[in-house]
1. So PHE139 clears everything in (1) hydrophobic (A, V, I, L, M, F, W, C); (2) surrounded by 15 or more Cβ atoms within 10 Å (Cβ to Cβ); (3) touching a strand residue (DSSP E or B) at 6+ places or on another chain (Cβ under 6 Å) except one condition, right? Which one?
2. Filter the range 51-81 down to the residues that are part of a strand (DSSP E or B) and out of contact with any helix residue (DSSP H, G or I) (no Cβ under 9 Å at 6 or more places or on another chain), then identify the one that is farthest from LYS137 (Cα to Cα).
3. Could you grab the pairs with beta carbons closer than 7 Å, sequence gap of 6+ or different chains, first residue in the range 73-93 and surrounded by 14 or more Cβ atoms within 10 Å (Cβ to Cβ), second one assigned to a loop (DSSP other than H, G, I, E, B)?
4. When you check TRP103 against the structure, is it touching a Pro at 6+ places or on another chain (Cβ under 6 Å), hydrophobic (A, V, I, L, M, F, W, C) and at pLDDT below 90, yes or no?
5. Within the range 94-131, work out how many residues are buried (at least 16 other Cβ atoms within 10 Å of the Cβ), part of a helix (DSSP H, G or I) and β-branched (Val, Ile, Thr).
Amino acid sequence: MGSATNLRRGCATNSKSLVKTAFIFAALAAALPTSSLAAGAACPARETGTYPWTTGGAVNGDYYAWVYLTIGKDRRPTCAIGENNIHDSDMRFFVCHAFTEQWKPARASDAEPGAVVKRLMVIPGPRHAKAEKEARKKFFAEHPDERPDCYPE
């Protein structure tokens, strides 16, 4: 029985030691920069949701809406939907809500009271999604210096 007790104690000591070692390695890994961040400069500045390979505009099968944001005196936008093919009024409401709640000006002039910012919102259909995926792949093949982590999907 004494040897079984020693064996259990040895396992406990070894598992504590393993946990400590794993914790140290995890802490070191978290403290070190990732290779892609260490290798390159900061990601290029761009407006959220814009990509250099964007196919631009709506493709057959997409939902789209022109969104107009009018900047108030408090520098908060109010939203209006222009030309669109979204027939559901709830969907149009949620489009406006997303723009007003998550909007950040791309340029200083976009934040001035009275400014009207016009954006095309597109919900891609299957054809559009396929074209974007192919354009993304082509962009990174033609620009090996660009880092995919700067352009999250």
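1. (3)
2. Only one residue fits best here, namely THR70.
3. Listed pairs, sorted by first residue: PRO77/TRP103; ARG92/ILE86.
4. Taking the combined requirement at face value, the residue satisfies it.
5. 1
The values are calculated or read from the model by the stated rules, or taken from the named source; none is laboratory data. This is a predicted model, so every value here is computed, not measured. Note: ideal-geometry Cβ built from the backbone for every residue, glycine included; neighbour counts use all protein chains shown.
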